[in-house]
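The values are calculated or read from the model by the stated rules, or taken from the named source; none is laboratory data. Computed from a predicted model, the values in this text were never measured in an experiment. For neighbour counting, all protein chains shown are included, and Cβ atoms are generated from backbone atoms with ideal geometry for every residue, glycine included.
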Amino acid sequence: MRGLQFYQSFQPKGCQSAVYTTAVTMAAGEQWGDIYAQAAQLNLTAVGPTPSSVGIGGYLTGGGHSAISGLYGTGSDQVLEMEVVTASGDILTVNECQNADLFWALRGVGLLSDPPFSLVLRLSLICQSSGRRLNFRCYHVHNHQDFPNHANALP
């Protein structure tokens, strides 16, 4: 299942009001590289993993940490809504307004539970403006004694 849709504001199903933030809805088969590329065309970014080949489910089940988590929170903090299949075979939309207990469980550790509470088919996340240029560099120092030499060479 693949597919992406971006929104200027997002209306969670069953909720009385919209969430006034840019958002993206993605199918379970999407990879972060595709999400980043399409978001960049709209001058947006999403809190996601550094390896662009990671799938959305793998990222969220691994905790959802990102290079920009310090600015915006973890990936699970960005989730607005999910469409899931439960263990009983029911397809549910979960958000703050409907099936809220499952929504908060899935945003916590629900995807890590054994067996999992449900299987995610589609989810909607907050997008951030990419107007602020963010640069990240990673340096790997093989010998900790050489660190001062490497640190002095940093721009």
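May I ask you to say which residue of Ser88, Ser129 is out of contact with any His (no Cβ under 7 Å at 6 or more places or on another chain), surrounded by fewer than 16 Cβ atoms within 10 Å (Cβ to Cβ), modelled with pLDDT of 85 or more and under 17 Å from Val19 (Cβ atoms)?
Selected residue: Ser129, the only one of Ser88, Ser129 that is out of contact with any His (no Cβ under 7 Å at 6 or more places or on another chain), surrounded by fewer than 16 Cβ atoms within 10 Å (Cβ to Cβ), modelled with pLDDT of 85 or more and under 17 Å from Val19 (Cβ atoms).
Considering segment 29-57 alone, what residues qualify as being touching a strand residue (DSSP E or B) at 6+ places or on another chain (Cβ under 9 Å), assigned to a helix (DSSP H, G or I) and within 16 Å of Cys127 (Cβ to Cβ)?
Trp32, Asp34, Ile35, Tyr36, Gln38, Ala39, Ile56
Against the conditions (1) over 15 Å from Leu106 (Cβ atoms); (2) not in a loop (DSSP other than H, G, I, E, B), where does Leu60 fall short? Just the number, please.
Just one mismatch for Leu60, condition (1).
Which pairs have Cβ atoms under 9 Å, sit 6 or more apart or on different chains, and link a residue in segment 83-104 that is in contact (Cβ under 8 Å) with a residue 12 or more places away in the chain and farther than 19 Å from Met26 by Cα to one that is among the polar types (S, T, N, Q) and part of a loop (DSSP other than H, G, I, E, B)?
Close Cβ pairs (under 9 Å, with a partner that is among the polar types (S, T, N, Q) and part of a loop (DSSP other than H, G, I, E, B)) amount to Cys97/Gln16.
Quick one: would you say Ser66 is in contact with a helix residue (DSSP H, G or I) (Cβ under 7 Å, 6 or more places away or on another chain) and among the small types (Gly, Ala, Ser)?
It is true that Ser66 is in contact with a helix residue (DSSP H, G or I) (Cβ under 7 Å, 6 or more places away or on another chain) and among the small types (Gly, Ala, Ser).
Which residues, counting only those in segment 1-28, are aliphatic (A, V, I, L, M) and assigned to a loop (DSSP other than H, G, I, E, B)?
If the condition is that a residue be aliphatic (A, V, I, L, M) and assigned to a loop (DSSP other than H, G, I, E, B), then Met1, Ala18, Ala28 are the ones that fit.
Looking at the structure I just gave you, is Ile56 surrounded by 15 or more Cβ atoms within 10 Å (Cβ to Cβ) and in contact with an Asp or Glu (Cβ under 7 Å, 6 or more places away or on another chain)?
So Ile56 passes the test.
Would you check which residues across segment 67-82 are within 17 Å of Val24 (Cα to Cα) and of a type in the set (S, T, N, Q) and list them?
Thr74, Ser76, Gln78
What is the one condition in (1) in a strand (DSSP E or B); (2) more than 20 Å from Gln128 (Cα to Cα) that Ser88 does not satisfy?
Condition (1) is where Ser88 drops out.
Among what's in segment 59-85 and is surrounded by fewer than 20 Cβ atoms within 10 Å (Cβ to Cβ) and small (Gly, Ala, Ser), pick the residue that is modelled with the lowest pLDDT.
Among them, the one singled out is Gly62.
Just a yes or no: is a residue in segment 33-44 touching a helix residue (DSSP H, G or I) at 6+ places or on another chain (Cβ under 9 Å), charged (D, E, K, R) and modelled with pLDDT of 80 or more?
Scanning segment 33-44, I find no residue that is touching a helix residue (DSSP H, G or I) at 6+ places or on another chain (Cβ under 9 Å), charged (D, E, K, R) and modelled with pLDDT of 80 or more, so the answer is no.
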